[in-house]
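Heads up: the structure comes next, in structure tokens.
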Amino acid sequence: MDLSTRDLDNIRIVTVNEPRIDAAIAIQFKDEMRALVHGGPARVVLDLSHVGFIDSSGLGAVVAAMKQSGTAQHFELAGLTRSVKKVFALTRMDRVFTIHADVTAINGGLADAG
């Protein structure tokens with residue numbers, strides 16, 4: 001599981017550098033996300049721009065990561081590819097998450113400052 005992070009002001013951006021989030025890596029994804037967001041900034045943005053496929057286990061892992069962040073952090077998504085966006089829409093998870101077109105859309109381009 002290849003995740004990278006960067007912090008910009010009060011935002012932690014976690015980028016998934018994998019082509020898939022599926023049953024094979026869902027548990028590892030949840031564990032790594034827990035470690036990356038615990039005690040972090042007030043906002044967490046999960047950048048899914050490299051993810052071309054997500055299955056129900058992967059979707060469940062993203063939801064679990066949101067729940068792990070708790071009420072002290074706002075968990076958002078960015079950069080959903082067409083197929084991933086379709087899964088979120090079909091499951092109506094697009095109504096649960098704040099979704100940005102890409103990381104640069106966060107705070108009107110604040111992400112470019114880093």
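Data for the structure
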| read-out | value |
| --- | --- |
| Odd one out for Leu36, checked against (1) surrounded by 16 or more Cβ atoms within 10 Å (Cβ to Cβ); (2) within 24 Å of Leu90 (Cα to Cα) | (2) |
| Selected residue (only one of Ile106, Ile99 is in a helix (DSSP H, G or I) and either touching a residue at least 12 places away in the same chain (Cβ under 8 Å) or on the phi > 0 side of the Ramachandran plot (or both)) | Ile106 |
| Residues that are modelled with pLDDT of 95 or more, more than 17 Å from Gln28 (Cβ to Cβ) and in a strand (DSSP E or B), drawn from the stretch 46-75 | Asp47 |
| From Asp94, Asp31, residue being at pLDDT below 95, part of a helix (DSSP H, G or I) and surrounded by fewer than 16 Cβ atoms within 10 Å (Cβ to Cβ) | Asp31 |
| Test: residue in the stretch 4-20 that is touching a residue at least 40 places away in the same chain (Cβ under 8 Å), assigned to a loop (DSSP other than H, G, I, E, B) and exposed (fewer than 15 other Cβ atoms within 10 Å of the Cβ) | yes |
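The values are calculated or read from the model by the stated rules, or taken from the named source; none is laboratory data. Quantities reported herein were computed from a predicted structural model and do not represent experimental measurements. Ideal geometry is used to build each Cβ from the backbone, glycine not excepted, and the neighbour counts take in all protein chains shown.
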